[in-house]
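Student: A single structure is presented below for examination.
The values are calculated or read from the model by the stated rules, or taken from the named source; none is laboratory data. From a predicted model like this one, the values you see are computed outputs, not experimental measurements. Cβ atoms come from the backbone with ideal geometry, glycine included; neighbour counts cover every protein chain shown. The area values use the complete protein model at the heavy-atom level, side chains included, leaving out ligands, DNA and RNA. Shrake-Rupley method; radii C 1.70, N 1.55, O 1.52, S 1.80 Å.
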Amino acid sequence: MTAQPLPHLLDELLRTGAPSGYEDPAGAVWRRAAAAFAEVSSDGIGSSIARVGEAKPLLGVFGHIDEIGLVISHIDEEGFLWAAPIGFWDPQILIGQRVEIRSRRGPVIGVIGRSKGIGLILGTDEQNKAVKLEDLHIDIGATTYAEASELVRVGDPAVLAVEPVPIAGNRVASRALDNRIGAYIALESLRRCAEAGGPGGSFAAVATVQEEMGLLGARTAAFELQPDVAIAVDGLYASDSPGLDKRVLGVRDLGRGPVIGRGAMLSDKVSDFLIETAEAEGITYTVAGYGLGGLALSTQTDADAVQATRSGIPTGVVSVPLRYVHSPVEVVDMGDVERAIRLLVAAAARLDSGVDFSR
């Protein structure tokens, strides 16, 4: 099979390094695309809002635009850099990776090293120990503190220097699919809805910031926007990789369409509305069930914050299955992305003042 090219906007978003708290470059790309067809604004911490229409009800579709990354926390006397995590990392993934540090002078390239390579620990107890982030350093080629600090400052953000790669089966591997894919789906759904004559009310796409740091952008953006109904769009751990148990994760295979959430943190009426829309449009989908009992059992999406904003907002979740989440090789099926967009466009068109999502 021949790999298909990425949509231009998604490709640009994936190539733009923008971890939580440092989302401005990706936000600028998103807002520039949105300004071609929508009214664009932002909130006080940088979440972006693109809106079409003023009628009721207002649908807000939220996709966070941040990614996990690193922040420089120390520069030692030999010019090596040390980093703290932005979001949740498996440190084993970081060994041997290239990084791009965003500095005041522009991008600085470095490599993540482990002083004791396999040749120095082979046959010792260290060989089988999991590496910790504090065991790793970033080498930018500097030889002294003064040389390194001319290039990089403590507090500069970094992302892995990995570009998106189309692979067979209309699939893509990249860092930051979690969740540039959600921010892209939200905006592309709005664009298509606008081109088709507008929503059955009004429609706002929201690119939220700081999701990986605690859903912060979703709280402020939902408070600012005040939607009548909301849908969070995010990546979700696929269940079709070797060694995973569908009895635990449910059915979330790549290629089977978007995953519609149901559960205690979500509005059952919104979930049913999404399912009815998918079936009416002939869009394949699967369902994820979410419990309640702390972060591990919530949806772990912007929906958790949005639904509890102001006096409460009826909220649903539409997810796209991703393999290898929080790694530089997250994999998505672009067919699932297309079906998620179609679902949201159809849902927006079906909304009118007679739809009741109240509990």
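Student: How about the range 47-114: which GluC sites (Glu not before Pro) there are in a DSSP loop, with at most 15 other Cβ atoms within 10 Å of their Cβ?
Tutor: Glu54, Glu77, Glu78
Student: Now for a separate question. When ligands, DNA and RNA are left out and all protein chains stay put, how many square angstrom of accessible area per residue does the range 163-246 have with a 1.4 Å probe?
Tutor: Computed with neighbouring chains in place, this is 33 Å² per residue.
Student: I've got another one for you. Can you work out ³J(HN,Hα) from phi for every residue in the range 301-306, in order, using Karplus 6.51 cos²θ - 1.76 cosθ + 1.60 and θ = phi - 60°, giving whole Hz and x for Gly and Pro?
Tutor: 10, 4, 4, 4, 7, 4
Student: A follow-up question, please. Sort out for me the Cα centre separation of the range 56-72 from the range 229-245, rounded to whole Å.
Tutor: 16 Å
Student: Round to a whole angstrom and tell me the spacing of the C-alpha centers of the range 319-334 and the range 128-175.
Tutor: What the calculation gives is 19 Å, centre to centre.
Student: Which entry in (i) -0.51, -0.74; (ii) -0.59, -0.87; (iii) -0.58, -0.79 is this structure's computed log10 I(q)/I(0) by the Debye sum over Cα atoms at q = 0.09, 0.11 Å⁻¹?
Tutor: (i)
Student: Filter the trypsin sites (Lys or Arg not before Pro) in the range 306-350 to those in DSSP coil with at most 16 other Cβ atoms within 10 Å of their Cβ, and list the result.
Tutor: Answer in residue order: Arg310.
Student: Output wanted: per-residue J couplings in Hz (rounded whole) for the range 74-86, from phi through Karplus 6.51 cos²θ - 1.76 cosθ + 1.60, θ = phi - 60°, x for Gly and Pro.
Tutor: Along the range 74-86, the couplings run 6, 10, 8, 5, 8, x, 7, 10, 10, 9, 10, x, 10 Hz.
Student: Could you work out the relative contact order of the range 134-230, using alpha carbon pairs under 8 angstrom and six or more residues apart, expressed as a whole percent?
Tutor: On the way: 41 pairs, mean separation 11.7, N = 97.
Reported relative contact order: 12 percent.
Student: Which far-off residues, 5 or more places away or on another chain, put their amide H under 5 Å from the one on Ala264, with H placed in the peptide plane?
Tutor: Tyr290
Student: As a check on your grasp of the helix formula, calculate [θ] at 222 nm for the chain: sum -39500 (n - 2.57) over DSSP H runs of n ≥ 4, divide by the residue count, round to the nearest 500.
Tutor: -8000 deg cm²/dmol
Student: From the backbone phi of the range 59-64, what are the Karplus-calculated ³J(HN,Hα) couplings (6.51 cos²θ - 1.76 cosθ + 1.60, θ = phi - 60°) in whole Hz, Gly and Pro given as x?
Tutor: Residue by residue, the range 59-64 yields 8, x, 10, 10, x, 6 Hz.
Student: Once you have all Cα-Cα distances for the range 225-356, histogram them in 10 Å bins from zero and send the whole-percent values.
Tutor: Histogramming the range 225-356 at 10 Å steps yields 13, 44, 34, 9, 1 percent.
Student: Taking amide hydrogens as modeled 1.01 Å from N in the peptide plane, which residues meet the under 5 Å criterion relative to Val320, leaving out close sequence neighbours?
Tutor: Here the answer is Asp234, Gly235, Leu236, Val259, since their amide H atoms fall under 5 Å of that of Val320.
Student: Rounding to the nearest 10 and keeping the result within 0 to 90°, find how far the Cα-based axis of helix 24-34 lies from the longest principal axis of the chain.
Tutor: Rounded to the nearest ten degrees, it is 30.
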